[in-house]
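The values are calculated or read from the model by the stated rules, or taken from the named source; none is laboratory data. Bear in mind the structure is a predicted one, so any value in this text is a computation, not a measurement. Don't worry about glycine lacking a Cβ; one is built from the backbone with ideal geometry, like all the others, and counts go over all protein chains shown.
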Amino acid sequence: MAHAVGAQVSLSVPVRTDVSLRKSGLKGRNNLSFHNNLWVPFTSLDLGSNNVQSKHQFKVVCMSIQQASRSKVAVKPLELENAQGPPLNLYKPKEPYTATIVSVERLVGPKAPGETCHIVIDHGGNVPYWEGQSYGIIPPGENPKKPGSPHNVRLYSIASTRYGDSFDGKTASLCVRRAVYYDPETGKEDPSKNGVCSNFLCDSKPGDKIRLTGPSGKVMLLPEDDPNATHIMIATGTGVAPYRGYLRRMFMEAVPTYKFGGLAWLFLGVANTDSLLYDDEFTGYLHDYPDNFRYDKALSREQKNKSGGKMYVQDKIEEYSDEIFKLLDRGAHIYFCGLKGMMPGIQDTLKRVAVQRGENWDEKLSQLRKKKQWHVEVY
Ligand code: FAD
């Protein structure tokens, strides 16, 4: 029972993806439902094994809500934990790795504008990565700009920890928004101009093969030198992907080499409630780790900012600017991920707040960059 805080009896965790967790009774934590779930004691997880029969032996029939909280999944530390640096570009566009789709699930509700999918990919442990890195995907077909050549690589932030959603180090998950094209004059969708790779990924089926490159990226790696550090994570839409990985590492997995005791603060901007991504997972952390996790949402089409306009993520930043600036002064890391368009509004807000505080934003920003507290990945 090494990792359970205050637990008296055997604890269990579901061996399922968070998406299926969301669809199961874990929603809201008040109506836990265990029927049809595959529960195994977390201390006994051998995730390398596919022996479903042996997992059934551990089915737990009794579990209170209090016991459910704070239980973490014990992961068998991968060699990756001891590496000096992250794996980089193990597979290149000329020699990509052929991986297999495990599952594709729609993440958003019916009232969300557009579609975002959670895609689990089996890489067999051959394309390891660290949280915050990206994979490249080469969609099938020919590059229209270079006849005879494959499509260019598209990058996607990895939305799982290095252990993957099945905790065995053999999968990676992506959070992909389907790029669709609307004719500006007619307002109608023009499928001939839809995004190639995002549609390929969202339309793929379990068992389909996909070509991977990478992993790549160092900017969004989670600094783990201080397990008690503060991490302020700002996302719009699919920009939440790397943070899902961080938060699972902090709060869902019992990683012997990283016992998080700091503060993780997530600001997520989306259109409306139905567009929220991984909301149940994050709400669960709020319940289980109220001292270590904060979660603020900006729903542009549902909420109003203090001037009566749409609520964007920068409005939430402004609301908490005093705390944010103090945390930055004390060494907090701040991350930005999502569409490029998010940055100008955020930068303007931060600059305005700095001026109000009698600080020089440009100087502050250059200090934050110098001290490696400032992490930006926008696309
Ligand atoms: P493309 O085929 O490349 O088309 C791009 C856009 O052009 C689309 O909106 C398409 O509708 C439009 N278009 C196509 N043809 C025309 C035309 N004739 N006229 C006008 N417009 C046209 N995306 C995510 O969803 N999730 C992530 O986690 C994520 N992480 C990323 C991380 C990094 C570091 C980077 C750089 C990007 C990331 N992206 C992510 C974006 C992703 O790489 C792709 O750019 C995105 O999915 C669109 O690719 P696509 O092949 O679907 O669209």
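At-a-glance table
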read-out	value
Failed criterion for residue 165 (all others in (1) within 16 Å of the ligand (Cβ to nearest atom); (2) more than 15 Å from the chain's Cα centre (by Cα); (3) not basic (Lys, Arg) hold)	(2)
Selection within segment 303-338 - within 24 Å of the chain's Cα centre (by Cα) and hydrophobic (A, V, I, L, M, F, W, C)	311, 313, 317, 324, 327, 328, 332, 334, 336, 337
Which listed residue, of 269, 341, is within 16 Å of the ligand (Cβ to nearest atom) and surrounded by 16 or more Cβ atoms within 10 Å (Cβ to Cβ)	269
Any hit, segment 129-137, residues being more than 13 Å from the ligand (Cβ to nearest atom), over 20 Å from the mean Cα position of the chain (by Cα) and farther than 21 Å from residue 115 by Cα	no
Selection from segment 144-189 of residues that are surrounded by fewer than 13 Cβ atoms within 10 Å (Cβ to Cβ) and touching a Lys or Arg at 6+ places or on another chain (Cβ under 8 Å)	182
Options 240, 176, 180: the member that is within 28 Å of residue 100 (Cβ to Cβ), among the hydrophobic types (A, V, I, L, M, F, W, C), within 8 Å of the ligand (Cβ to nearest atom) and out of contact with any Ser or Thr (no Cβ under 8 Å at 6 or more places or on another chain)	180
Residue among 64, 103, 134 that alone is modelled with pLDDT under 95, within 26 Å of residue 278 (Cβ to Cβ) and among the hydroxyl-bearing types (Ser, Thr, Tyr)	64
Unique residue being in contact with a strand residue (DSSP E or B) (Cβ under 6 Å, 6 or more places away or on another chain), in a helix (DSSP H, G or I) and either under 21 Å from residue 157 (Cβ atoms) or hydrophobic (A, V, I, L, M, F, W, C) (or both) when the list is 350, 327, 365	327
Any hit, segment 227-238, residues being surrounded by fewer than 20 Cβ atoms within 10 Å (Cβ to Cβ) and touching a Pro at 6+ places or on another chain (Cβ under 6 Å)	no
Of all residues making up segment 310-322, the number that are closer than 23 Å to residue 372 by Cβ and out of contact with any strand residue (DSSP E or B) (no Cβ under 9 Å at 6 or more places or on another chain)	1
Subset of segment 292-310 (residues that are over 20 Å from residue 334 (Cβ atoms) and part of a loop (DSSP other than H, G, I, E, B))	300, 301, 302, 303, 305, 306, 307, 308, 309
Hits in segment 85-102 - residues which are in contact with a Gly (Cβ under 9 Å, 6 or more places away or on another chain) and assigned to a loop (DSSP other than H, G, I, E, B)	86, 87, 88, 89, 90, 93, 96
Only one of 114, 141 that is small (Gly, Ala, Ser) and surrounded by fewer than 12 Cβ atoms within 10 Å (Cβ to Cβ)	141
Residue within segment 185-202 that is within 20 Å of residue 87 (Cα to Cα), at pLDDT 95 or above and within 16 Å of the ligand (Cβ to nearest atom) present	no
Subset of segment 360-378 [among the charged types (D, E, K, R), farther than 19 Å from residue 218 by Cβ and surrounded by 15 or more Cβ atoms within 10 Å (Cβ to Cβ)]	364
Test: residue in segment 147-155 that is within 9 Å of the ligand (Cβ to nearest atom) and part of a strand (DSSP E or B)	yes
